[in-house]
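Take a look at the structure below.
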Amino acid sequence: MPQPNEMLPTPSHEISVDLAIEMTSRYREFKEQILAAGYQNDGTLALCETFSKTAIQNLIEGDECTGFRIYYGMDDALKVHALLVGVNAEGVDILPVNPNVPTSQLLEDGHRNPPANTPSSPLNE
């Protein structure tokens, strides 16, 4: 049986600010170009999404939770959103028993930040 966090690729996931700036700059430069023409410049891809600390803490608080996974989904308006779910030591998604009820075990609805209202940061300049 895998040990806790064995399924996670690295223990810290840390990168430098310089690498983060490089990656977010590249994303901003190419994010519209990778879309079909009909979806460019309409907010299909967010610059970033913000989740509350409380929501993240609630997600990872469970005894089985050793990390979380980020999925990407699409709403009815074809806008891409991050979806966060806790994972156990085996890397299995921790999903609620009732799939129709909103729960702290599965997060979405991050505040999408288009460039116009995103506070200035080296990661978005």
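The values are calculated or read from the model by the stated rules, or taken from the named source; none is laboratory data. As the structure is a prediction and not an experimental result, all values here were calculated from the model. Glycine also receives a Cβ, built like all others from the backbone with ideal geometry; neighbour counts cover every protein chain displayed. Just so you know, the surface numbers come from the protein's heavy atoms only, side chains and all, with ligands and any DNA or RNA stripped out. Shrake-Rupley method; radii C 1.70, N 1.55, O 1.52, S 1.80 Å.
Screening residue 122 against (1) surrounded by 12 or more Cβ atoms within 10 Å (Cβ to Cβ); (2) in contact (Cβ under 8 Å) with a residue 24 or more places away in the chain; (3) assigned to a loop (DSSP other than H, G, I, E, B) leaves a single unmet condition, (1). Scanning the range 48-60 for residues that are touching a residue at least 40 places away in the same chain (Cβ under 8 Å) and within 25 Å of residue 92 (Cβ to Cβ), we see that the one that is most open to solvent (accessible area, probe 1.4 Å) is 58. Candidates are the residues of the range 105-119 that are buried (at least 16 other Cβ atoms within 10 Å of the Cβ) and assigned to a strand (DSSP E or B); the one that is modelled with the lowest pLDDT is 112. Every residue in the range 1-40 that is in a loop (DSSP other than H, G, I, E, B) and either of a type in the set (A, V, I, L, M) or at pLDDT 90 or above (or both), please. If the condition is that a residue be in a loop (DSSP other than H, G, I, E, B) and either of a type in the set (A, V, I, L, M) or at pLDDT 90 or above (or both), then 1, 7, 8, 15, 31, 32, 33, 34, 35, 36, 40 are the ones that fit.
Which one is surrounded by the fewest Cβ atoms within 10 Å (Cβ to Cβ), of the residues in the range 66-83 that are out of contact with any His (no Cβ under 9 Å at 6 or more places or on another chain), part of a loop (DSSP other than H, G, I, E, B) and of a type in the set (D, E, K, R)? Out of the qualifying residues, it is 76.
Does residue 44 meet the test of being hydroxyl-bearing (Ser, Thr, Tyr), open to solvent by less than 50 Å² (accessible area, probe 1.4 Å) and over 23 Å from residue 123 (Cα atoms)? Considered against the rule, which asks whether it is hydroxyl-bearing (Ser, Thr, Tyr), open to solvent by less than 50 Å² (accessible area, probe 1.4 Å) and over 23 Å from residue 123 (Cα atoms), residue 44 comes out as no.
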